[in-house]
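Peer 1: I am attaching a structure below and will ask some questions about it afterwards.
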Amino acid sequence: MSFNRRSFIKSASALAALTLSELSAISASAQINTDGKPVAADDDAYWKNVRQLFPLTKDWTYLNNGTFGPSPYPVIDAMRTAQMDQDMSGNYGGYDATPPKLAKFLGADKDEIALTHNVTEGINIACWGAPLKKGDEVIITTHEHVGNFNPWMSRQKLHGIVIKKYTPAPTAAETLERIDALITKRTRAIVTPHIPCTQGQVLPVKDICRLAKDKGIFSLIDGAHGPGMLPLDLHDLGCDTYASCTHKWMLGPKGTGFLYVRKEMQDTIQTYYGGAGTDDGKWDLMADPVTTAGYAPSAHRYFGGTQANGLYAGVNASIDFIESIGMMNIHNRIKSLGKYTQDKLLEFGDKIELITPTEEISRCAVNGFRIKGVDYHKFFDKCVENKVRIRSVAECGLNSLRVSTHIYNNRDEVDQLMDLIKKSLA
Ligand SMILES: Cc1ncc(COP(=O)(O)O)c(C=O)c1O
């Protein structure tokens, strides 16, 4: 179901309860559906209408989608409606539509999608399930988020795996060379962010996965920043596993995510969770000895138990919302805002150090930078004082700043940040 005015206004009484912002969202919603047609990245009138669909406060300038993506009204409304329905009716279940819907959106099969609550959970399932033993080598970057470092660090402590690191290079080709140079006979896994949280560089994950596959090495992508920012086809990407969330670039409910496990890998990536839905139903507790079952013949083997109807209705609505605009339109808009941000930062010359590559295939919506002679913490505080929300980056000793822009942003907001930089340099 694509998002439309009728699905938003459920009844006259709901209409009466709407705030002014919600009412302007309704009038904007009638105009955002593109029916699959292209919208120019600089069609400001169109993107202004899209902005009306977000309750995100206008008192602040939010340039931090990399931390989490504020949801638009249709997502919030779908969550509220489904939660109300569950609590009023006592109906159980209700999340079954989400794995197939996510699979279609991501270019995967429905049996390859496990529901999770965030990226961290998906990474942990894949990391702990990977058959690794003492001395096995795992390649990671020096730009990992703790969510993709701590699990591997624990396996190093507990199981003696060896972690080998590389720093992403300014170009995709050099990055691949660095990975290739680390591969030995003992390499069992290449683990990489699709886009590191530190500086937003788009890594050449398709080539990395091909390299891994050619050498019989397992690949895990930390896709925190993939879906909703980049059009994705996981089968084409060729990864074994892809862990992500719907609460960043997909603008979905906070605390929702997924883990993709390629069908052929499901008997290799061991599940350690057991519960309702993770088995094939062929067990008998009353038999003596107890008859044990196999695992669910799908990625359902990785998640079980009660799920939140409201949250998954919100995930479904976030996919509808993205599709009503068009994933390619969204990608082009946010890539152009990212380029605008880069260009503005580069205008400062040697007073600003841009950390994100300018190479076309290695950049998108997130930019990292340092201001010469200005402490990053102080600048961050200055942004807060001026109600501009960005992120400071202490990871990997980068001591830098990160700005990320989504479809609810515009160039004026990026300019506000640039004015603050100018003032700091004065
Ligand atoms: C690259 C990366 N990986 C993993 C995570 C962890 O995500 P979550 O909080 O959904 O577990 C983040 C969060 O910002 C991230 O940026």
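Here, each number is a calculation from the coordinates, and none is a lab measurement. It should be emphasised that the depicted structure is a prediction, and the values quoted were computed from it without experimental measurement. Note that we place each Cβ from the backbone using ideal geometry, even for glycine, and neighbour counts take in every protein chain shown.
Peer 1: Select from LYS351, LYS254, LYS335 the residue whose mean-square fluctuation is largest in a Gaussian network model of the chain (Cα-Cα springs shorter than 10 Å).
Peer 2: Comparing LYS351, LYS254, LYS335 in the GNM, the peak value goes to LYS351.
Peer 1: So, one more: Exceeding 18 Å between C-alpha atoms, which entries from my cross-link table qualify? They are LYS164/LYS185; LYS134/LYS164; LYS248/LYS339; LYS104/LYS263; LYS382/LYS422; LYS206/LYS248. Present the calculation step by step, with values, prior to reporting the outcome.
Peer 2: Working: LYS164/LYS185 13 Å; LYS134/LYS164 14 Å; LYS248/LYS339 20 Å; LYS104/LYS263 15 Å; LYS382/LYS422 12 Å; LYS206/LYS248 22 Å.
As for pairs spanning more than 18 Å Cα to Cα, those are LYS248/LYS339; LYS206/LYS248.
Peer 1: Among DSSP beta bridges whose residues both lie in region 195-281, state the antiparallel percentage, nearest 5. Walk me through the numbers before you get to the answer.
Peer 2: On the way: 5 of 9 bridges.
Around 55 percent antiparallel, to the nearest 5.
Peer 1: Want the number for THR184 to ASP280: 0.36 nm per residue separation, take away the alpha-carbon distance, what's left?
Peer 2: Working: separation 96, 0.36 × 96 = 34.56 nm, distance 3.81 nm.
Going from the current span to full extension adds 30.8 nm.
Peer 1: Quote the relative contact order of the chain in percent (integer), defining contacts as alpha-carbon pairs under 8 Å separated by 6+ residues.
Peer 2: Values: 837 pairs, mean separation 95.0, N = 426.
Computed over the chain, the figure is 22 percent.
Peer 1: Kindly rank 142-153, 242-253 from highest to lowest mean number of other beta carbons found within 10 Å of each residue.
Peer 2: Values: 142-153: 19.2, 242-253: 29.0.
Highest-to-lowest ranking by the protection proxy: 242-253, 142-153.
Peer 1: State the extension gain, in nm to one decimal, for the chain segment bounded by ASP214 and LYS351, taking 0.36 nm per residue of separation less the distance between their alpha-carbons. Show your work: numbers first, answer last.
Peer 2: Values: separation 137, 0.36 × 137 = 49.32 nm, distance 4.36 nm.
Stretched fully, the ASP214-LYS351 segment lengthens by 45.0 nm.
Peer 1: Still on this structure: I'd like to compare 73-86, 388-401: which one has the highest average count of other Cβ atoms within 10 Å, and what's the full order after that?
Peer 2: Numbers: 73-86: 20.1, 388-401: 18.2.
In descending order of packing, they fall as 73-86, 388-401.
Peer 1: While we're here: Restricting to DSSP H runs of at least four residues, report the calculated mean residue ellipticity at 222 nm for the chain, -39500 (n - 2.57) per run over all residues, nearest 500 deg cm²/dmol. All intermediate terms of the calculation are to be shown ahead of the outcome.
Peer 2: Values: 15 runs with 165 residues, N = 426.
The helix contribution divided over the chain gives -11500 deg cm²/dmol.
Peer 1: Only Cα pairs under 8 Å and at least 6 apart count here; give the relative contact order of region 98-306 as a rounded whole percent.
Peer 2: On the way: 432 pairs, mean separation 52.8, N = 209.
Over region 98-306, the number comes to 25 percent.
Peer 1: For region 328-425, what's the relative contact order in percent, using C-alpha pairs closer than 8 Å and at least 6 residues apart?
Peer 2: Numbers: 121 pairs, mean separation 29.2, N = 98.
With pairs under 8 Å counted, the relative contact order is 30 percent.
Peer 1: Another question about this same structure. Extension gain HIS377-LEU425, at 0.36 nm per residue separation less the Cα-Cα distance, in nm?
Peer 2: Working: separation 48, 0.36 × 48 = 17.28 nm, distance 1.47 nm.
Going from the current span to full extension adds 15.8 nm.
Peer 1: Using only alpha-carbon positions, what ratio does the radius of gyration of region 98-306 give when scaled by 2.2 N^0.38 Å?
Peer 2: Values: Rg = 17.2 Å, N = 209, 2.2 N^0.38 = 16.8 Å.
Normalised Rg, Cα atoms only: 1.02.
Peer 1: Let me see the P(r) profile for the chain: every Cα-Cα distance counted, bins of 20 Å, each bin given as a percent of all pairs.
Peer 2: Bins of 20 Å from zero give 25, 54, 19, 1, 0 percent of pairs.
Peer 1: Follow-up. Would you calculate the separation in nanometres between label points at LYS157 and THR67, each defined as 7 Å from the Cα along the Cα-to-beta-carbon direction?
Peer 2: Between LYS157 and THR67, the label points sit 2.7 nm apart.
Peer 1: Considering the zone a paramagnetic label at THR57 would reach in this model (a point 7 Å from Cα along the Cα-to-Cβ line), which residues of region 390-423 have amide N under 15 Å from it?
Peer 2: 390
Peer 1: Enumerate the residues in region 296-323 having an amide nitrogen under 18 Å from the point lying 7 Å beyond the Cα of ALA287 toward its Cβ.
Peer 2: Residues 296-297 qualify, since their backbone N sits under 18 Å from the label point.
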